[in-house]
């Protein structure tokens, strides 16, 4: 099981284990300029989305910012 | 007459306790963006007795800012970082302040926030928010624990929704996020002082709690 923001993204049978953070993001509507991605409590550097591979048991947090302040 | 530094400290101890005052006066906090969030965070932290604030903003006070930001009508046109520093000095005359009239980008973010123990992300632009968040957290990745910075960011405080929707969330050990997470100023009309201030208050309280060692 791989969780993103607390939800199991493999629940529908899609396998993300072995795929990269960039592969996962490509399946979503996130705007990459507005997000920060944490993997198991550590930031995933922007430049490493493509080489950071997901594995079973991972917990990912994608924070997507909205404007205003 | 302006009270002495000793008198002001004694007054703070009466309301916050010696231990908290002692920790706050040793702390440095960077405020990135001195608008609706940043100016209100800064006022809260100045009142609470934080030792040093680093104020960073490239912009000048606009007449449309007066509705929710801690500026006065006679400060329209002045650089925000400098106008805010002047207002904070009236509130807390012994506060140490460093100002930077500068736009934060990839090339200067870490040098501008300097030795800050806590960085407040207080921009209005979503891409700038994400950029600073990534910069600070990526910086932490290469540092020993004692040199890592806390980041207290904000997302979602536009519109006329209930203030009860604004929350503080611990994302990771060094990253806290305040706001409703949803209401984007570009999609949701309105920025109201009490709602923006509620979010700023969440950020300021989180800063104080983190400096005092109270993690969520």
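The values are calculated or read from the model by the stated rules, or taken from the named source; none is laboratory data. From a predicted model like this one, the values you see are computed outputs, not experimental measurements. Every residue, glycine as well, gets a Cβ built from its backbone with ideal geometry; the counts of neighbours run over all protein chains shown.
Taking the stated definitions as given, is residue B:171 without any contact (Cβ under 8 Å) to a residue 40 or more places away in the chain and closer than 16 Å to residue B:133 by Cβ?
On the way: without any contact (Cβ under 8 Å) to a residue 40 or more places away in the chain: yes; closer than 16 Å to residue B:133 by Cβ: yes.
The answer is yes for residue B:171.
Let me confirm something: among B:101, B:76, B:43, which residue is at pLDDT 95 or above and within 20 Å of residue A:68 (Cβ to Cβ)? Please lay out each step first, then the result.
Working: B:101 fails: within 20 Å of residue A:68 (Cβ to Cβ); B:76 fails: within 20 Å of residue A:68 (Cβ to Cβ).
On inspection, the qualifying residue turns out to be B:43.
Would you point out the residue of the range B:185-211, among those that are surrounded by fewer than 17 Cβ atoms within 10 Å (Cβ to Cβ) and not in a helix (DSSP H, G or I), that is nearest to the other protein chains (Cβ to nearest Cβ)? Here the residue is B:186. Once the range A:40-67 is narrowed to residues that are within 14 Å of another protein chain (Cβ to nearest Cβ), outside any loop (DSSP other than H, G, I, E, B) and farther than 26 Å from residue B:187 by Cβ, the residue that is farthest from the chain's Cα centre (by Cα) is A:47.
When the residues of the range B:166-175 are filtered to those that are outside any loop (DSSP other than H, G, I, E, B) and within 11 Å of chain A (Cβ to nearest Cβ), the one that is surrounded by the most Cβ atoms within 10 Å (Cβ to Cβ) is B:175. May I ask you to list the residues in the range B:47-80 that are within 13 Å of the chain's Cα centre (by Cα) and either part of a loop (DSSP other than H, G, I, E, B) or crowded, with 24+ Cβ neighbours inside 10 Å (or both)? If the condition is that a residue be within 13 Å of the chain's Cα centre (by Cα) and either part of a loop (DSSP other than H, G, I, E, B) or crowded, with 24+ Cβ neighbours inside 10 Å (or both), then B:50, B:53, B:55, B:56, B:57, B:69, B:70 are the ones that fit. Residue B:73 meets the conditions (1) more than 23 Å from residue B:9 (Cβ to Cβ); (2) touching a residue at least 40 places away in the same chain (Cβ under 8 Å) in every case but one. The failed one is (2). Of all residues in the range B:150-165, those satisfying the criterion of being within 12 Å of chain A (Cβ to nearest Cβ) and in contact with a strand residue (DSSP E or B) (Cβ under 6 Å, 6 or more places away or on another chain) are B:151, B:153, B:154, B:155, B:156, B:157. Of all the criteria given as (1) within 9 Å of chain A (Cβ to nearest Cβ); (2) in contact with a helix residue (DSSP H, G or I) (Cβ under 6 Å, 6 or more places away or on another chain); (3) not in a helix (DSSP H, G or I), the one not satisfied by residue B:120 is (1).
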